[in-house]
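A.B. asks: Dropping the structure in here first, questions after.
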Amino acid sequence: MDFVLCLYAVLLGLCLGSFANVCIYRIPRNKSIVHPASSCPQCGAKIRFFDNIPLISYLLLRGRCRGCKVPISMRYPLVEILMAFLSLALFVRFGFQLQYILFLAFVGTIVILSFIDFDYKILPDVLTLPGIAVGWMVSFLPGGISWVDSLIGLIAGGGSLYLVAVVYERITGREGLGGGDVKLLAMIGAWMGWVSLPLIVLMSSLCGAVIGSIFILAGGKGARTQIPFGPFLSLGALCYLFFGREISHWYFGLFM
Ligand SMILES: [Zn+2]
């Protein structure tokens, strides 16, 4: 693996992480993601280009606004580091191929969705619906899953979660899964194919159940504590993307 290309993958990931931060902040607030330039939420000072270099600026400014010195959330550099890491991992997984760029867009989108869901308990249609459409269109390109696998994944992913949501609401009389979760799993199915879905749903439900129980025990608010499911679905999709074959081997090996 070429070191210089790996370095480019990291730098591209850092820049995408910086853009992801803009999307996470602005999309739920219904603001444009291209205009105006970023400004400090505290004092409103425009962030100049030399203070807007991913990671480096945060370190140079010691995590504070140049104007008013208010601390900048640690989450900005963390999202940049996360995207840099994921970009490198995708590059190692796919190499210098079209699939690398395509899945970088997919992974970036589910990262943005997860943080928005975490903050606001919503998964905006403006991301999931194009995500579904693009995922299916991408399956017509060579090198990935077939368009049939993608289409079945889209329908099975959305359909299965829709069914769970309806049954849950009938039984308990309250909403457990939102329509956003349904669209997110449809998007994941469209990108990764129906074969990936059982493992993704299994992994995200397990993680969700464990972390959800901890939250409920710690919070003491009972089963009504609202825990977003989007980040767990995204985590499941990432696990499958990087370790799907290994996990399948291990899982089916248990029964043979
Ligand atoms: Zn400021």
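A.B. asks: Which residue out of Leu55, Leu90 is within 24 Å of the chain's Cα centre (by Cα) and either within 14 Å of the ligand (Cβ to nearest atom) or at pLDDT 95 or above (or both)?
C.D. replies: On inspection, the qualifying residue turns out to be Leu90.
A.B. asks: Separate question: Going through segment 20-48 one residue at a time, which ones are more than 15 Å from the ligand (Cβ to nearest atom) and aliphatic (A, V, I, L, M)? Before you say what the answer is, go through the steps one by one.
C.D. replies: So the first thing to find is which residues in segment 20-48 are more than 15 Å from the ligand (Cβ to nearest atom), and the list is 20-24, 26-36.
Correct list: Ala20, Val22, Ile24, Ile27, Ile33, Val34.
A.B. asks: Can you tell me which residues in segment 58-87 are more than 18 Å from Val107 (Cα to Cα), away from the ligand (no atom under 13 Å from the Cβ) and charged (D, E, K, R)?
C.D. replies: Within segment 58-87, just Arg62 meets the criteria.
A.B. asks: Same structure again: If I ask for residues that are of a type outside the set (Lys, Arg), open to solvent by less than 80 Å² (accessible area, probe 1.4 Å) and over 19 Å from the mean Cα position of the chain (by Cα), which ones from segment 165-208 would you list? If you could, list the steps in order and put the result at the bottom.
C.D. replies: Here is the first cut: in segment 165-208, the residues of a type outside the set (Lys, Arg) are 165-169, 171-173, 175-182, 184-208.
Subset that is open to solvent by less than 80 Å² (accessible area, probe 1.4 Å): 165-167, 172-173, 176-182, 184-193, 196-197, 199-205, 207-208.
Of everything in segment 165-208, those that are of a type outside the set (Lys, Arg), open to solvent by less than 80 Å² (accessible area, probe 1.4 Å) and over 19 Å from the mean Cα position of the chain (by Cα) turn out to be Ala165, Val166, Val167, Thr172, Gly173, Gly176.
A.B. asks: Under 6 Å between Cβ atoms, at least 6 apart or on separate chains: pull out the pairs that start in segment 23-42 with a residue that is closer than 17 Å to Arg75 by Cα and end on any residue that is more than 15 Å from the ligand (Cβ to nearest atom) and part of a loop (DSSP other than H, G, I, E, B).
C.D. replies: Every condition considered, the pairs that remain are Cys23/Ile33; Arg26/Ile33; Ile27/Pro124.
A.B. asks: Please name all residue pairs, on different chains or six or more residues apart, with Cβ atoms under 6 Å, provided the first residue is in segment 66-82 and is modelled with pLDDT under 95 and the second residue is within 9 Å of the ligand (Cβ to nearest atom).
C.D. replies: What qualifies is Gly67/Cys43; Gly67/Ala45; Cys68/Gln42; Cys68/Cys43; Val70/Gln42; Pro71/Arg64.
A.B. asks: Right, Phe140: assigned to a loop (DSSP other than H, G, I, E, B) and free of Cβ contacts under 8 Å to residues at least 24 places away in the same chain or not?
C.D. replies: So Phe140 passes the test.
A.B. asks: Something else: Of all residues in segment 43-68, which are assigned to a helix (DSSP H, G or I), open to solvent by less than 60 Å² (accessible area, probe 1.4 Å) and touching a Ser or Thr at 6+ places or on another chain (Cβ under 9 Å)?
C.D. replies: Within segment 43-68, the subset assigned to a helix (DSSP H, G or I) is 49-51, 56-60.
Now restrict to residues that are open to solvent by less than 60 Å² (accessible area, probe 1.4 Å): 51, 57-58.
If the condition is that a residue be assigned to a helix (DSSP H, G or I), open to solvent by less than 60 Å² (accessible area, probe 1.4 Å) and touching a Ser or Thr at 6+ places or on another chain (Cβ under 9 Å), then Asp51 is the only one that fits.
A.B. asks: If we scan segment 242-254, do we find a residue that is surrounded by 21 or more Cβ atoms within 10 Å (Cβ to Cβ) and assigned to a helix (DSSP H, G or I)?
C.D. replies: As a first pass, look at segment 242-254 and keep what is surrounded by 21 or more Cβ atoms within 10 Å (Cβ to Cβ): none.
Looking through segment 242-254, none of the residues is surrounded by 21 or more Cβ atoms within 10 Å (Cβ to Cβ) and assigned to a helix (DSSP H, G or I).
The values are calculated or read from the model by the stated rules, or taken from the named source; none is laboratory data. As the structure is a prediction and not an experimental result, all values here were calculated from the model. Reconstructed Cβ throughout: ideal geometry from the backbone, glycine too, with neighbour counts over all protein chains shown. When the accessible area is computed, the model is the full protein with side chains, heavy atoms only, and any ligands, DNA or RNA have been set aside. Shrake-Rupley method; radii C 1.70, N 1.55, O 1.52, S 1.80 Å.
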